[in-house]
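The values are calculated or read from the model by the stated rules, or taken from the named source; none is laboratory data. Note that the structure is a prediction, hence the values are computed from the model and not measured. Because the Cβ atoms are built from the backbone with ideal geometry, glycine has one as well, and the counts that use them run over all protein chains shown.
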Amino acid sequence: MIKINNLQARVEDKEILKGINLEVNPGEIHAIMGPNGSGKSTLSSVIAGREDYEVTGGSIDFEGEDLMDLDPEERAHKGIFLSFQYPVEIPGVTVSNFIKTAINESRKGRGEEPMKAREMLAKMREKTALLEMDKSYLSRSLNEGFSGGEKKRNEIFQMAMLEPKLAILDETDSGLDIDALRIVAGGVNKLRTADNAVVVITHYQRLLDYIKPDFVHVLFNGKIVKSGGPELAHELEEKGYDWIKAENA
Amino acid sequence: MTDLAQDLLSSFVVAEPQLNGSRNLGVVHLRKEALDRFEAQGFPTTRDEEWKYTNLKPVLKHDYRILLKGDDAVSFADIKSYLLSDLDTYKLVFINGKYSSWLSDSTHQEFDVCTFAAALNKYPDIIAEYLGKGAPKGETFVDLNTAFADDGAFIRVKANQTVDKPIEILYLTTNENGPAFSQVRNLIIAEQNAEVQLLERHQNIGDQPSFTNFVSEVFAARDARVSYYKVQNDSDEATLVDNTHVVQKEQSNVHVGTYTFGGKLVRNNLHFYSAGERAESHMDGITIIGDGQTVDHHTLVDHQEPNCYSRELYKGIYLGKSHGIFNGKVMVRQKAQKTNAFQQNDNILLSDKAKVDTKPQLEIFADDVRCSHGCTIGQLDRNALFYLRSRGIPKREAEGLMTYAFAADALEYVKIPQLEKRLNRVIAEKLGINLEFAL
C-alpha cells in the first residue's frame, strides 16, 4: 500500500529524517516506537504532506503513485488519514459541519457525488455509537473545550467517518485514561478490514495491548534501527530505550 | 477653511429658517452655537490626533449638494434588499434625509416609532430634555450635524414597555443630480425598564459620491435594555461618519453591534457613557473590507459610576488594499470603583497590501478595577490550516472556513435570528465560502 524509500526530511537546517525505509501492506498494523525527538511525529507529518518540512531525499509511494507533489488534501482524498497528537481547536465550526465538509470535499476530490444527507446522518449515528460518544458532540465546536480524551476520540470518530485506506495514529494514547483508551482502541480494531492498514506511532507499549501490531519498528535519530514482531514492543517496555541508544550511539 | 466648509456655512443661512424646529427658540439657539463651533474648528485633518490615520481630504473634495430633496421615485422594490424581508418590523425609511411615509411603517400607539422632525415640531419638552445631551459639544461632526439635522428616527419607549418587534431604520441616498452631503439624526429614548431592538443602515443607491454625517443619541434609563445593530455595507462611493453616543443609567444594558462590509470610508465614533451603577455596555463588531476601503472604529467607554461592566470585541478581516483603524479608549473615573472593562481587537490580514492601525487607550483613575485589553494582528494559524487540509478540505475552503470561524465569534450577542442568518450569509459571501459552514 505504502512504500517509503530512503526518506530524508528537515525543518529549517535541522535534519530530522535520515533515510527511512518502511513498507506497509493492506490488512497490516505497524507500530513505530522510539524515544522523544527521534522523528516519529515528523514522519507522520511528512506522509500527510505538511509543508513545514522539506523533503530532501527519498520517495513515498502510495498505491503505485508518488505522493511527493500532492497537497495534504489530495493525499486525504487518496485515503491517507492522520490522527493528530494535538488536534487543533476550531471555534465556531461544529463537528458535524466539519465532518460533512471533509467527507464531501474528499468525494468531490475523487470525482464522486456528495453523500446524501440521510446517509450522512445514519453514518454519524453509527460511528458515534461505536466510539460511545454522546450525540451532543456533533453540535459542539470542533475540539473547543474538549478534554484530552474527547479530542482523541473525536479524531478516531473522524477516521471512522472518512474510512481511510491508511490511518496513521500519532500518539493517540497520550492523554487518555484507561477507559478512553479501551474505547478508542476498540474503535480502531472494529474499523480494520483486509483492505486498510494502520500505523500506530507511540512512545509506550500500553496502546499495543489493545491494538495488536503485526510489526514493530524502532525509530531512533531519524532512522528505523530495529524491526520485529510484537515481542519487540514488550522488550522495549521492559528494557526502556537506553539499550537502543547505546547500540546506535 | 475647505470649500465644503464654506459652502456649508453659507447654506446654513438659507436652510435654517426652513428646518424643522425653527420655531423652537431653544433649538434655534442650539443650532447657531453648534454652527459657530464648527466654523471655528472646520473639518479635521490628519494633524488632529483623533484623525491621524484617516485622511478625509479625498472625500471632502467633491462638490456636494447640501440641501437635498426627497425622491418620490423610490419604490419598495428598490429598497427591499436592504431590509430583513423574513421578519415583521417597524420601518423608518428616509430618502436624502427626508422621511418617506409610504415606505415606512411607524407607530404612535404604545410607544413612539416616528421621526425626529415630528419630535422637533411636537415634543418641545423632550427636545429640551434630551437633544444634544448625549453627543458632546465641540466634536466638529456632531456640531455640524446639530446645526443642520432636522429629520431622522425618533424612538421613545415609555417605562416598562417592550417594543413588540424590531425597528428598522434605513437611510437612503439617491444622487442622480450629483454628489450629496446628508445630515440625519436619531433620538432614541428607552425609559425605565423599557426594551427595544434597532437595526440601522445607510445606503447610497445612486452612482455618485455621498457623504453622510450622522448623529445618534441613545438614552437608556434605569433597567432599560437596548440592542442596536448597524449594518454597514454601502457602495464604494459612500462615506459615512457615524457619531453614536449612548448614555446609560443604573442597571441598563445596551449592546451596539457594528458590522462593516463596505463603503469607501466609514468612521464610527461610538461613545458609551456609563452614568449609573451596574450598567452593562456591550459593543462588538465585524469588519470585512477590501480594495480601496477604509474603516475607522473610534470607541470610548466612559465609566463614571461604580460597579459597571463593559465588553468590547472587534474582529477585522482585511483583503486587498484596505485599511482598518481601531482606537478603543476606556476611561475609568475616580469614582468608578469595581469597574470591569474588557476590550479585544483581533485582526487578520489576508493580503500583503492591507494595513491595520490598532490602538487601545486606557485611562484609569480608580484603584480597584479590572481592566483587560488586547489586540492582535496576524495571519491564519498554519497548524489549523494543515489540520483541515489533512481531512481533505482544500486550501481555499480551509482558509475561508477558518476566517469565517474567526469572525463569527463576534455574532454571539445578536438577538435577532434573521439578522444573524443574514450576517452569516454576507460574511460567507465576502469570504467566498460555502454557506454550509455558516450554520
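Data table
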{"item": "Scan of region B:17-57 for residues that are outside any loop (DSSP other than H, G, I, E, B) and touching a residue at least 60 places away in the same chain (Cβ under 8 Å), ordered by number", "result": "B:26, B:27, B:30, B:31, B:32, B:33, B:34, B:35, B:37, B:38, B:41, B:50"}
{"item": "Qualifying position, being among the acidic types (Asp, Glu) and at pLDDT below 95, among B:49, B:39", "result": "B:49"}
{"item": "Any hit, region B:59-78, residues being assigned to a helix (DSSP H, G or I), within 22 Å of the chain's Cα centre (by Cα) and not aliphatic (A, V, I, L, M)", "result": "no"}
{"item": "Hey, residue A:101 among the hydroxyl-bearing types (Ser, Thr, Tyr) and outside any helix (DSSP H, G or I) or not", "result": "no"}
{"item": "Identity of the residue in region B:319-338, free of Cβ contacts under 8 Å to residues at least 60 places away in the same chain and polar (S, T, N, Q), that ends up surrounded by the fewest Cβ atoms within 10 Å (Cβ to Cβ)", "result": "B:334"}
{"item": "Among residues of region B:76-107, those that are in contact (Cβ under 8 Å) with a residue 24 or more places away in the chain and of a type outside the set (Val, Ile, Thr), counted", "result": "18"}
{"item": "Spans of strands (runs of 3 or more DSSP E) in region B:213-278 with at least 2 residues farther than 23 Å from residue B:412 by Cβ", "result": "B:238-248, B:265-274"}
{"item": "Criterion: away from every other protein chain (no Cβ under 12 Å), at pLDDT below 95, surrounded by 15 or more Cβ atoms within 10 Å (Cβ to Cβ) and out of contact with any helix residue (DSSP H, G or I) (no Cβ under 9 Å at 6 or more places or on another chain) - qualifying residue of B:360, B:417", "result": "B:360"}
{"item": "Selected residue [within 14 Å of chain A (Cβ to nearest Cβ), surrounded by 21 or more Cβ atoms within 10 Å (Cβ to Cβ) and basic (Lys, Arg)] from B:382, B:389", "result": "B:389"}
{"item": "Residues of region B:282-293 that turn out to be surrounded by 22 or more Cβ atoms within 10 Å (Cβ to Cβ) and under 15 Å from the mean Cα position of the chain (by Cα), as a count", "result": "4"}
{"item": "Residue within region A:148-164 that is within 25 Å of residue A:41 (Cα to Cα), assigned to a loop (DSSP other than H, G, I, E, B) and either facing chain B (nearest Cβ under 10 Å) or at pLDDT 90 or above (or both) present", "result": "yes"}
{"item": "Subset of region B:99-121 (residues that are among the charged types (D, E, K, R) and surrounded by 14 or more Cβ atoms within 10 Å (Cβ to Cβ))", "result": "B:105, B:112"}
{"item": "Residue within region A:95-109 that is more than 26 Å from residue A:127 (Cβ to Cβ), crowded, with 21+ Cβ neighbours inside 10 Å and either polar (S, T, N, Q) or more than 9 Å from every other protein chain (Cβ to nearest Cβ) (or both) present", "result": "no"}
